[in-house]
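Colleague: Pasting a structure here, questions to come.
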Amino acid sequence: MDRIPSGNAPARDLAEIARFLAVGGFNTFLGYGFILAALFFGAGDYAANAIGFALGVPISWMLHRVLTFRVRKRISGNEMGRYIAVVAVSYAVNLGIVTAGRAAGFVENPFVQLAAICVYAAVFYLFSRRFVFREGAEDAVSARRN
């Protein structure tokens, strides 16, 4: 992936993490708002969670692509496929937290939803950084095809 060049690696990594947290904070606030609204209007835990993520994921992808990871290369199907896979894995972990919370008796609990979002964010960052938006990801996929 073509990225905007920056200084030394540790400073670049810290800046990237700060951008991820800022974008993620905004997107978490937005997604959590969608979840709370869905709960308020009678959606159950799973439906509210799905609504929050369905509305938040496209916003998250564009903001992380442009602001967090500073990808300048044209959008590709491979990148989108990797992104969808990472969202699916992260979302499965998120649902695991919600399921565990429900099993512990915390049904339709906003704090369980918040914990699930936080775990989702950690898993999402690690996989996004290493798999979706890593430098050279597109080149590596293309090289395997040849």
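The values are calculated or read from the model by the stated rules, or taken from the named source; none is laboratory data. Remember, predicted model here, so these are calculated numbers, not experimental data. As a convention, Cβ positions derive from the backbone with ideal geometry for all residues, glycine included, and neighbour counts pool all protein chains shown. Accessible surface areas use protein heavy atoms only, side chains included; no ligands, DNA or RNA. Shrake-Rupley method; radii C 1.70, N 1.55, O 1.52, S 1.80 Å.
Colleague: Does region 71-84 contain any residue that is out of contact with any strand residue (DSSP E or B) (no Cβ under 8 Å at 6 or more places or on another chain), surrounded by 14 or more Cβ atoms within 10 Å (Cβ to Cβ), part of a helix (DSSP H, G or I) and among the hydrophobic types (A, V, I, L, M, F, W, C)?
Modeller: Within region 71-84, none of the residues are out of contact with any strand residue (DSSP E or B) (no Cβ under 8 Å at 6 or more places or on another chain), surrounded by 14 or more Cβ atoms within 10 Å (Cβ to Cβ), part of a helix (DSSP H, G or I) and among the hydrophobic types (A, V, I, L, M, F, W, C).
Colleague: If you go through region 104-122 one residue at a time, how many are open to solvent by 80 Å² or more (accessible area, probe 1.4 Å), in contact with a helix residue (DSSP H, G or I) (Cβ under 6 Å, 6 or more places away or on another chain) and modelled with pLDDT of 90 or more?
Modeller: Of the residues in region 104-122, 1 are open to solvent by 80 Å² or more (accessible area, probe 1.4 Å), in contact with a helix residue (DSSP H, G or I) (Cβ under 6 Å, 6 or more places away or on another chain) and modelled with pLDDT of 90 or more.
Colleague: Those residues that are in contact with a Ser or Thr (Cβ under 8 Å, 6 or more places away or on another chain) and not hydrophobic (A, V, I, L, M, F, W, C), I need them from region 81-118; list them, please.
Modeller: Within region 81-118, 83 is the sole residue that qualifies.
Colleague: State yes or no: is residue 25 small (Gly, Ala, Ser), free of Cβ contacts under 8 Å to residues at least 40 places away in the same chain and farther than 16 Å from residue 117 by Cβ?
Modeller: No: the conditions fail for residue 25.
Colleague: Can you name every residue in region 85-103 that is within 15 Å of residue 128 (Cα to Cα) and surrounded by 18 or more Cβ atoms within 10 Å (Cβ to Cβ)?
Modeller: 86, 87, 90, 91 - these are the residues of region 85-103 that are within 15 Å of residue 128 (Cα to Cα) and surrounded by 18 or more Cβ atoms within 10 Å (Cβ to Cβ).
Colleague: Take the residues in region 54-70 that are in contact (Cβ under 8 Å) with a residue 40 or more places away in the chain, open to solvent by 30 Å² or more (accessible area, probe 1.4 Å) and not charged (D, E, K, R); name whichever of them is nearest to residue 135 (Cα to Cα).
Modeller: Per the stated criteria, the residue is 67.
Colleague: Which of (1) in contact (Cβ under 8 Å) with a residue 40 or more places away in the chain; (2) open to solvent by less than 60 Å² (accessible area, probe 1.4 Å); (3) assigned to a loop (DSSP other than H, G, I, E, B) does residue 43 not meet, given it meets every other one?
Modeller: Answer for residue 43: the failing condition is (1).
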